[in-house]
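K.L.:
Sharing a structure, written as structure tokens. Questions coming.
The values are calculated or read from the model by the stated rules, or taken from the named source; none is laboratory data. Not measured: the values here are computed from a predicted model. Here the Cβ positions follow ideal geometry from the backbone for every residue, glycine too, while neighbour counts run over all protein chains shown.
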Amino acid sequence: MAVKKIGIIMNGVTGRMGTNQHLVRSIVAIRQQGGVVLSNGDLIMPDPILVGRNEDKLQALAEKHGIERWSTNLEQCLADPHNVIYFDSQTTVRRAEAIRKAIKAGKHIYCEKPTATSLEESLELAQLAYEAGVKTGVVQDKLFLPGLLKLKRLIDSGFFGKILSVRMEFGYWVFEGDWQAGQRPSWNYRKEDGGGIIVDMFAHWRYVLDNLFGNVKSVSCLGVTHIPKRLDEQGHPYACTADDAAYATFELEGDIVVQANSSWAVRVNREDLLTIQVDGTEGSAVAGLRDCKVQHRVNTPKPVWNPDIENPFNFSEQWQTVPDNQNFDNGFKVQWELFLKHVVTDEPFIWNLLEGAKGTQLAELAIQSWDERRWIAVPELSLGVKQSDAVEASK
């Protein structure tokens, strides 16, 4: 049994997602389980170096989780041939510049989304990586959630018949910071810092819709800033310049209609922070982050509209739970393991920088739809065409 040690530059891991999901629950967890086992019995062992701007935070984080290497010098890390993967979970406005440097240094790229602040820049990164011959991956974690994996199982089995529509509800109340601290960083609510729920969440909705139901063909969107003022991490008031809610409709191939509400200014009265209802000719399903329930055609009750009597139905009891039938690991960790196998053994990994650019494209077009108050077509993206032509086709 051979052990393949892989140096990974992890830039931006002092942030909430970088620390919790990518470092602790993914890379540290992989190291603790003894690495990633390959089909021939060999192991991939991640060897991370934590990179950021705050020396004290990096040192404390490294010591807490048994990481030997950390640095505030990205260029030095990129110059070290031991480091073969560059990972980026910085704020969006800092991501593209660092990825360019990593591609130039010949590193394989794995990063959070959005991959850049514009479609043009996202496509540029994908093209640069393609020309450099480096492998790329973009975090598309929701595809690996237990609820969505069960939903995919239903789709693959033909449970729904012809899928007619999808209804997505996402969000929760993010406190304004006055009498309770907010659960999200303040930059999320400043457009000039790359904030906004459309930029944040539509990158997710693109890969969820494309991979589960069909390619997005057009979008109509209304964005709103419901909360105009919040308090930052130091308790200072600031104006919210980015959207904190978005109400969108998508048309997919196959004539599937999707309605998606996303909000950081909504109180939760549903079974999970994200629920996806799928209705088809043969059956329906509602998936959350972990659970999924179904109602088949033959088990569908016959409600009758009568507002003059008490409701005789308990609608929630009329659904059946989809069993786990497998063990579900952390979705971020699962995708990390797949990308590591992709780098070492060339196993397939479809979620590359071009797929990441599709998320940026959808966010841009949704904002354009909001600005112009109209439906916007979503053209196909591909490498090998002029970036300006691809961007123009999206307008």
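K.L.:
On the given criteria, is Ser262 in the same structural domain as Leu154 (by TED's automatic domain parsing), modelled with pLDDT of 95 or more and polar (S, T, N, Q)?
P.N.:
Against the criterion (in the same structural domain as Leu154 (by TED's automatic domain parsing), modelled with pLDDT of 95 or more and polar (S, T, N, Q)), Ser262 qualifies.
K.L.:
Right, next: If a residue must be over 23 Å from Asn330 (Cα atoms) and either assigned to a helix (DSSP H, G or I) or at pLDDT 95 or above (or both), how many such residues does segment 25-51 contain?
P.N.:
The number of residues fulfilling the criteria is 1.
Yes or no, residue by residue, for (1) within 19 Å of Ile155 (Cα to Cα); (2) surrounded by 11 or more Cβ atoms within 10 Å (Cβ to Cβ); (3) among the charged types (D, E, K, R); (4) assigned by TED's automatic domain parsing to the domain that holds Ser122:
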site	(1), (2), (3), (4)
Arg267	no, no, yes, no
Val286	yes, yes, no, no
Lys302	no, no, yes, no
Val344	no, yes, no, yes
Glu347	no, yes, yes, yes
Gly356	no, yes, no, yes
Gln361	no, yes, no, yes
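K.L.:
Checking the structure you have, find out if any residue of segment 97-110 is outside any helix (DSSP H, G or I), touching a residue at least 60 places away in the same chain (Cβ under 8 Å) and under 18 Å from the mean Cα position of the chain (by Cα).
P.N.:
Looking through segment 97-110, at least one residue is outside any helix (DSSP H, G or I), touching a residue at least 60 places away in the same chain (Cβ under 8 Å) and under 18 Å from the mean Cα position of the chain (by Cα).
K.L.:
Here is a follow-up. Could you give every pair whose Cβ atoms fall below 6 Å, whose first residue belongs to segment 69-88 and is surrounded by 18 or more Cβ atoms within 10 Å (Cβ to Cβ), and whose second residue is of a type in the set (D, E, K, R) and not in a helix (DSSP H, G or I), counting only separations of at least 6 or pairs across chains?
P.N.:
Note: pairs meeting the criteria are Tyr86/Lys107.
K.L.:
Tell me which residues, restricted to segment 110-161, are over 16 Å from Lys358 (Cβ atoms), of a type in the set (Phe, Trp, Tyr) and surrounded by fewer than 24 Cβ atoms within 10 Å (Cβ to Cβ).
P.N.:
The answer is Phe144, Phe159, Phe160.
K.L.:
So which of Val286, Val268, Val304 is among the hydrophobic types (A, V, I, L, M, F, W, C), without any contact (Cβ under 8 Å) to a residue 60 or more places away in the chain and not in a strand (DSSP E or B)?
P.N.:
Val304 is the lone residue from the list that is among the hydrophobic types (A, V, I, L, M, F, W, C), without any contact (Cβ under 8 Å) to a residue 60 or more places away in the chain and not in a strand (DSSP E or B).
K.L.:
A further question on this structure: For segment 1-42, name all the residues that are loosely packed, with under 15 Cβ neighbours inside 10 Å and among the aliphatic types (A, V, I, L, M).
P.N.:
Met1, Ala2, Val3, Val37
K.L.:
Examine segment 366-387 for a residue that is modelled with pLDDT of 95 or more, part of a loop (DSSP other than H, G, I, E, B) and among the polar types (S, T, N, Q), and state whether such a residue exists.
P.N.:
No, segment 366-387 has no match at all.
K.L.:
Continuing with the same structure: Considering Arg100, Arg94, which residue is in contact with a strand residue (DSSP E or B) (Cβ under 9 Å, 6 or more places away or on another chain) and not assigned by TED's automatic domain parsing to the domain that holds His204?
P.N.:
Of the residues listed, the single one that is in contact with a strand residue (DSSP E or B) (Cβ under 9 Å, 6 or more places away or on another chain) and not assigned by TED's automatic domain parsing to the domain that holds His204 is Arg94.
K.L.:
Only residues that are over 25 Å from Gly182 (Cα atoms) and assigned to a loop (DSSP other than H, G, I, E, B): list them for segment 241-265, please.
P.N.:
Listed by number, the residues that qualify are Glu253, Gly254, Asp255.
K.L.:
Quickly run through segment 175-221 and pick out the residues that are aliphatic (A, V, I, L, M) and part of a helix (DSSP H, G or I).
P.N.:
Scanning segment 175-221 gives Ile197, Ile198, Val199, Met201, Ala203, Val208, Leu209, Leu212.
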